[in-house]
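Note sheet for the following structure.
The values are calculated or read from the model by the stated rules, or taken from the named source; none is laboratory data. All figures in this text were calculated on a predicted structure; none of them were measured in a lab. Backbone-built Cβ (ideal geometry, glycine too); neighbour counts: all protein chains shown. What goes into the accessible areas is simple: the full protein's heavy atoms, side chains included, and nothing from ligands, DNA or RNA. Shrake-Rupley method; radii C 1.70, N 1.55, O 1.52, S 1.80 Å.
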Amino acid sequence: VPRDWSTSAELHLEFDACVPGRRASLEKAVRDAIHAGRLVPGSSLPSTRRLAADLGLSRGTVVEAYAQLTSEGYLVGRPGSSTSVAPGAALAQSISLSEPAPSGVESARFDLRPGLLDIGRTFPRREWLRSVRTVLASAPDSSFDYGDPRGRLELRVALARYLGRARGVAASPETIVVCQGFSHGLELAARALLGRGASIAAMEDPCLPAHRMCVKRAGLAVTGMPVEALGADVAALRASGANVAVVTPAHQYPTGVTLAAERRAQLVEWARQTGAVVIEDDYDGEFRYDRQPVGALQGLAPHEVIYIGTTSKTMAPGLRVGWMVVPPNLVQPVIDAMGPQPGGSGPPSLEQLALADFIERGRLDQHLRRLRAAYRRRRDIVLQELADVAPPLRPYGIAAGLHVTFPFTGTPYEEAAVAAAARRNGLRVAFLGSHTHAGASKPGGLVLGFARPTEPQLPEALRLLARAFAESRS
Ligand SMILES: Cc1ncc(COP(=O)(O)O)c(C=O)c1O
């Protein structure tokens, strides 16, 4: 018969066994804990024998206190079985497991902002569970110890192979540092470079505002690189005094353009001549639809580029697993930037081992093939459903990724009016204006993420968006 764990449940009570009226004080301590929300409905209490021993009381005193609290409706339990806090016990504060909706979005039916996934359908739970089971059963004892700050060797080996064949990255396990996603890697890189004398980071304009914050928080000043049809204007770098450049070469975020080959070469040349370092954000490089995949910039210049990848688009942002491929001379500065905690600042080792298994068994490739087909279908639905918007919108960045940009240049649309109409139609949307360094842009444009609604929901969400465009002009 399995032992009931509740007999040994830990319970902290504000209770002094030395004062008279012990039974009444024990009852009060339990009531107080329930009122304060420290004991929530359903929580098991220790057995009377165990609590009596812990508190230095006679078992009879605890039995009587439990009986009194049960008769008052605070506790439930049958003789001989465990006692727990009653489902309806009064609580001074209730604990909610669901997150409150941000204010003003309660009525949003569909979320069309970039960076969000339909995780319920796309996260490969079954395959991930198989990898988790496998590694939990076979993980060496060292997995539970403080580890190498660069991350588990098994994952670094798997990543070196995967990144080499899938993204054209020149990586070896020694130069890979596992981190908690791109933002974490960016902050580590910026801090490491600051420690080596860097002072100014050139960042694409527009870009994700949170990433500008990361870099500034790390201590670097930020200057802008305007993004054009060929990608970031790297010719402006020399005059800017920057010694770091942060780019999204495969699929610029948010405009969706690809950094042209000649600009890649110029960027690398600038880094080589000035001793600067390029940080490459390869956030959605796996999702290329219409052409041959665009390889990573790092493959051209492994000594000048810190490459950072993430599972936030391919698996789920909540995993918080990413990786940096670092020039050999910057590995130690990146480790130093993690701070003093033993074992580094990467994700938990079991998660790292699970991902290593997931990659090595070919499950990531399989998963990506499925996702790529699904996202291409979604991208086509976007283009189809918005094709008849009049005056027409011209989509940008459709060859890759999980978002499409619609610049308003040459159209009568305005961000504020489209935003208001989208809200009225139950949509959450994002705009170019909030991504620019100056904090606003005219004429701006829409940055449309198509990965959050389910595929069957998407046409309806887009019809509402088409309606919002029409209404924004009336
Ligand atoms: C441009 C860009 N880079 C990187 C990421 C991923 O960041 P992280 O790995 O920290 O979740 C995102 C997520 O939306 C993004 O938009």
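Taking a ≥ b ≥ c as the square roots of the eigenvalues of the Cα gyration tensor of region 410-474, is the shape rounded (a/c under 1.5), prolate (a/b larger than b/c) or oblate? Working shown, then result.
Details: a/c = 2.36, a/b = 1.41, b/c = 1.68.
The shape class here is oblate.
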Given a 1.4 Å probe and every protein chain left where it sits, what share in percent of the accessible area of the chain is carbon and sulfur?
53 percent
In percent, how large is the relative contact order of the chain, given Cα pairs closer than 8 Å and 6 or more residues apart?
18 percent
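Relative to the present Cα-Cα distance, how much length would full extension add between ALA24 and ALA470 at 0.36 nm per residue of separation? Working shown, then result.
On the way: separation 446, 0.36 × 446 = 160.56 nm, distance 6.97 nm.
Extending this stretch completely gives an extra 153.6 nm.
If packing is taken as the average count of other Cβ atoms within 10 Å, what order do 16-22, 46-52, 310-316 fall into, highest mean first?
Working: 16-22: 10.3, 46-52: 19.4, 310-316: 21.1.
For the peptides 16-22, 46-52, 310-316, the packing ranking is 310-316, 46-52, 16-22.
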Once both axes come from the Cα atoms, what is the angle between helix 22-35 and the longest principal axis of the chain, in degrees from 0 to 90, rounded to 10?
20 degrees
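Can you list the equivalent-ellipsoid semi-axes of the chain, largest first and in whole Å, using the square root of 5 times each Cα gyration tensor eigenvalue? Please list the in-between numbers first.
Values: eigenvalues 495, 187, 93 Å².
They are 50, 31, 22 Å, listed from largest to smallest.
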For a test of the definition: using alpha carbon positions, the gyration tensor, and the 1.5 limit on a/c, classify region 17-56 as rounded, prolate or oblate.
oblate
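Hey, what's the Cα Rg ratio for region 377-419 versus the globular rule of thumb, 2.2 N^0.38 Å? Don't skip to the end; give the middle numbers.
Working: Rg = 10.9 Å, N = 43, 2.2 N^0.38 = 9.2 Å.
Region 377-419 yields a ratio of 1.19.
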Which angle from 0 to 90°, rounded to the nearest 10, does the C-alpha axis of helix 59-71 make with the longest principal axis of the chain?
70 degrees
For the chain, percent of DSSP beta bridges that are antiparallel (nearest 5) comes out at 55 percent
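Rounded if a/c is under 1.5, else prolate if a/b beats b/c, else oblate: with a ≥ b ≥ c from the C-alpha gyration tensor eigenvalues square-rooted, which is region 355-474? Don't skip to the end; give the middle numbers.
Values: a/c = 2.45, a/b = 1.84, b/c = 1.33.
Taking the square roots of the gyration eigenvalues as a ≥ b ≥ c, region 355-474 is prolate.
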What whole-number distance in Å separates the alpha-carbon centres of region 212-236 and region 105-163?
30 Å
Taking the chain and counting helices only, DSSP H stretches of n ≥ 4 at -39,500 (n - 2.57) each over all residues, the nearest-500 ellipticity at 222 nm comes to -11500 deg cm²/dmol
Cα convex hull of region 320-398 - mean projected area over all directions, nm²
8.9 nm²
Treating the angle as unsigned and between 0 and 90°, give the value, to the nearest 10°, between the Cα long axis of helix 125-138 and the longest Cα principal axis of the chain.
70 degrees
Zone residues, region 124-162, relative to LEU350, backbone N less than 14 Å from point 7 Å out along Cα-to-Cβ
129-145
